[in-house]
């Protein structure tokens, strides 16, 4: 079946502009995660959704970052007034209702964001 | 504190050599899960293995094997007879039992297999 889909795959934006990154999880997956991966770095946790609520927003780096999720479906990560330090690959992952501990995360291909 | 350390940033081996990727973790929880993921050049992370803290049996899957030792808080990954297709970044991850599905990833080890 279809995997986690992220769009756009690449985004180049000017400093100061807002961007929206989209994630379509695997159908039926209630848990959804956003991670950031800077060049040559590991995965930095941003936010986790269970359904459309976000019990853990601890990783959002500043108030310029926000995310929402519609039901148990699409999620949008919004970055306002982008800075060059926001340049990274933004990865989305989902897992089924049995819980991520019983099931692995399924990752999308990511959105590569470049802020010029 | 919850933490995963992958001390090896980059490793290069010649094809057919064996290679071990190290993973050391920290957690206060007695129940937790450990994972390895592979990130090939295409970018998509691929799940390799999950291990819970109550199961210290080592596991072998083809050329891949995993050595879980609670005494040293390590969950090392060995590739036997490496192949060029094994070239990727490998991530170790921890999810403790009481953090509501939070995953903690290491910084990754970039493996290059030279033909």
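The values are calculated or read from the model by the stated rules, or taken from the named source; none is laboratory data. Nothing here was measured: the structure is a model prediction, and the numbers come from that model. Quick reminder, even Gly has a Cβ in these numbers, built from the backbone with ideal geometry, and neighbours come from all protein chains shown.
Numbers below:
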read-out: Unmet criterion (only one of (1) at pLDDT 95 or above; (2) facing chain A (nearest Cβ under 10 Å); (3) not in a strand (DSSP E or B)) for residue B:91; value: (3)
read-out: Yes/no for residue A:55 being farther than 21 Å from residue B:35 by Cα, modelled with pLDDT under 90 and in contact with a strand residue (DSSP E or B) (Cβ under 8 Å, 6 or more places away or on another chain); value: yes
read-out: Any hit, the stretch A:102-112, residues being crowded, with 19+ Cβ neighbours inside 10 Å, modelled with pLDDT of 95 or more, away from chain B (no Cβ under 14 Å) and over 20 Å from residue A:27 (Cβ atoms); value: no
read-out: Identity of the residue in the stretch A:31-48, crowded, with 18+ Cβ neighbours inside 10 Å and more than 10 Å from every other protein chain (Cβ to nearest Cβ), that ends up farthest from residue A:19 (Cα to Cα); value: A:32
read-out: Those residues of the stretch A:61-101 which are within 14 Å of another protein chain (Cβ to nearest Cβ) and either without any contact (Cβ under 8 Å) to a residue 40 or more places away in the chain or part of a helix (DSSP H, G or I) (or both), in sequence order; value: A:98, A:101
read-out: Those residues of the stretch B:7-42 which are surrounded by fewer than 13 Cβ atoms within 10 Å (Cβ to Cβ), part of a strand (DSSP E or B) and within 11 Å of chain A (Cβ to nearest Cβ), in sequence order; value: B:10
read-out: Options B:46, B:84; residue that is in contact (Cβ under 8 Å) with a residue 60 or more places away in the chain and more than 20 Å from residue A:38 (Cβ to Cβ); value: B:84
